[in-house]
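What follows is a single structure, written as structure tokens, with notes after it.
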Amino acid sequence: MSRSTAERRADGPDGLVVVDKPAGFTSHDVVAVMRGIARTRRVGHAGTLDPMATGVLLLGLGKATRLLGHLALTEKEYTGTIRLGQATVTDDAEGEVTARAGAAGVDRVALDAGVAALTGDILQIPAKVSAVKIDGERSYRRVLAGEDVELPARPVTVRSFTAHEVTELIAGDGTVVTDLAVSVVCSSGTYIRALARDLGAALGTGGHLTALRRTRVGPYLLDAARTLDELRAEPSVLPLGAAAAAAFPRWDVDGRQAELLGNGARITTPELPAGPVAVFGPEDRFIALIEASGERSKSLAVFT
């Protein structure tokens, strides 16, 4: 075995793994488990999921970690449950209940109007107990230290927000609450628990998220996801080239162009879609991720 082959094996595979994250695990916990399964330190994740949430968590192995910053900017899809009638410090079921206004007999017209107001291009204030940084420090650390933080609103896009089943029940503390089974399609950076909080505020009931399952990240669906136990039994890695082809528009080049782009050179491009484009050379070899800058290419990451 040549030294270069040995080094490649020591580095582990290059590609993406679509994990069905279990409840109770942080995204970093899943990364740590995958490092052991894949026998490589080069593992990263795209699109953090809260510990309470389950579903699609995209991991990059080896060279694929350099794709993740671009993949994280894609559209995401969720199903979940919003509880009206109680507010919590974290805007989800993991936090202490801070208000119990109750939510008996919620008017469906008002509910639908509240949902519609939170659909489209909106300004959203992230959950205070989150990884958003304030002056270099995570917001959740400031909140846990007793500080009352104020986060600025930021633009997000909620492509669709639908309340399906509406169920009135009595919570464990005796509060009459209303649970909503919801589905959401949104841009990266959208906090579903902030939607729950804001819907509850608009209805005057308070609200928080009690369950969340991510069913899609960009082109990667829950159907393709594997549990950690399944991955331990049989690791399933989407090869780097296939991962790039699934996520980005494709540009096929000849051998000379591939050599230049593999060295980070800027070359003349045909008319390309806006944003990252995956470049493939002869023999379907994934070369680089580029974007068009005027009539020339601009290298985002090289993978040769």
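Write out, first by first residue and then by second, each pair whose Cβ atoms fall under 8 Å of each other, whose residues are 6+ apart or on separate chains, and whose first residue, in region 162-178, is part of a loop (DSSP other than H, G, I, E, B) while the second is of a type in the set (D, E, K, R) and surrounded by 12 or more Cβ atoms within 10 Å (Cβ to Cβ).
Listed by first residue and then by second, the contacts come to 171/83; 173/100; 175/100.
Out of all the residues in region 281-300, which are free of Cβ contacts under 8 Å to residues at least 12 places away in the same chain and either of a type in the set (Gly, Ala, Ser) or not in a helix (DSSP H, G or I) (or both)? Lay out the reasoning, then the answer.
Within region 281-300, the subset free of Cβ contacts under 8 Å to residues at least 12 places away in the same chain is 283, 294.
The answer is 294, and nothing else.
Condition first: within 16 Å of residue 92 (Cα to Cα) and either assigned to a loop (DSSP other than H, G, I, E, B) or hydroxyl-bearing (Ser, Thr, Tyr) (or both). Now tell me which residues in region 184-213 satisfy that.
Hits for region 184-213 are 190, 191, 205, 206, 210.
Assess whether residue 53 counts as being of a type outside the set (D, E, K, R), modelled with pLDDT of 95 or more, closer than 19 Å to residue 197 by Cα and outside the structural domain of residue 127 (by TED's automatic domain parsing). I'd like the intermediate steps shown before the answer.
Numbers: of a type outside the set (D, E, K, R): yes; modelled with pLDDT of 95 or more: yes; closer than 19 Å to residue 197 by Cα: yes; outside the structural domain of residue 127 (by TED's automatic domain parsing): yes.
Yes: the conditions hold for residue 53.
The values are calculated or read from the model by the stated rules, or taken from the named source; none is laboratory data. Given the structure is predicted, the values throughout are model-derived calculations rather than measurements. Backbone-built Cβ (ideal geometry, glycine too); neighbour counts: all protein chains shown.
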